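All remarks here apply to the structure that follows.
The values are calculated or read from the model by the stated rules, or taken from the named source; none is laboratory data. Predicted, not measured: the structure shown is a model, and the values here were computed from it. No Cβ is skipped: glycine too gets one built from the backbone with ideal geometry, and neighbour counts run over all protein chains shown. Accessible surface areas use protein heavy atoms only, side chains included; no ligands, DNA or RNA. Shrake-Rupley method; radii C 1.70, N 1.55, O 1.52, S 1.80 Å.
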Amino acid sequence: MTDDLDRIMHVMACAFDPVWGEAWNRRQVSDSLLMPNIHYRLCNPEGLKPATDDTTAGFTLIRAAPGEEELLLIAVDPAYRGRGVGKALLKGFMRDAYQRGASRIFLEMRANNPAEKLYRSVGFEPIGRRENYYRAPGDTRIDAITFGLDLDKLA
């Protein structure tokens, strides 16, 4: 798991703009990976599970609960964006969640996140909003939007 943790942290460092404070630190990720209800997926530039010597282009971190799962983090190294890596990760999340028995999946994002188009393209729909949840530069606040997807409709 140490090698995978290193891969996750490398992508995390590249992918998250520090201005938003969304990246997790190594301790947060390693502690979460010790929990039995946390799952992750790594992806190479072709959207597949990376071999030992492959580049890791992205990852997801998922929390499972009976009947549902939540996407905690998704990240794609900026060098590999626009190549379908994010969509491959989301599709993998959907498949894995369904196979683990989830009927509904969720994610939350800040209202100005450009990934919204990607989330909608695979079927996520907005289901809730937390006003002024994220801190933005200049001491302004941005809403969080919760998205959901019913996996039973896709089966």
Of the candidates Met35, Met12, Met109, which one comes out as most mobile in a Gaussian network treatment of the chain with C-alpha springs shorter than 10 Å? Met35
Please list 3J(HN,Hα) in residue order for segment 138-147, calculated via the Karplus relation 6.51 cos²θ - 1.76 cosθ + 1.60 where θ = phi - 60°; whole Hz, with x for glycine and proline. x, 6, 8, 10, 10, 5, 9, 10, 9, 10
Could you derive backbone 3J(HN,Hα) for segment 25-38 from the dihedral phi with the Karplus parameters 6.51, -1.76 and 1.60 (θ = phi - 60°), listing whole Hz in sequence and x where the residue is Gly or Pro? 8, 4, 5, 4, 5, 4, 5, 5, 5, 7, 7, x, 9, 9
Computed over segment 112-155, the relative contact order (Cα-Cα under 8 Å, seq sep at least six) in percent reads 35 percent
Pairs of Lys in the chain closer than 18 Å at Cα, counting only those 8 or more apart or on different chains: 5
Name the residue, out of Val76, Val29, Val19, whose mean-square fluctuation peaks in a Gaussian network model built on the chain with Cα pairs under 10 Å. Val19
Summing -39500 (n - 2.57) over every DSSP H run of at least 4 in the chain, dividing by its residue total and rounding to the nearest 500, the 222 nm mean residue ellipticity is -8500 deg cm²/dmol
Just how much of Lys87 is accessible, in Å², when a 1.4 Å probe is used and the result is rounded to the nearest 10? 80 Å²
Running a GNM on the chain with Cα contacts under 10 Å, which residue among Glu70, Glu131, Glu108 ends up with the highest mean-square fluctuation? Glu131
Under 8 Å for C-alpha pairs, at least 6 residues apart: give me the relative contact order for the chain, rounded to a whole percent. 18 percent
Nearest-0.05 FRET efficiency for Ser103 and Cys14, computed from C-beta distance (R0 35 Å): 0.55
What's the carbon and sulfur percent of segment 5-118's accessible surface, probe 1.4 angstrom, rounded to a whole number? 51 percent
Scalar couplings 3J(HN,Hα) for segment 44-53 by Karplus 6.51 cos²θ - 1.76 cosθ + 1.60 (θ = phi - 60°), nearest whole Hz, x for Gly and Pro, are 8, x, 8, x, 10, 4, x, 6, 3, 9
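Could you quote the convex hull projected area for the chain, Cα atoms only and averaged over all directions, in nm²? Please list the in-between numbers first.
Values: hull surface 37.0 nm².
Reported value for the Cα convex hull: 9.2 nm².
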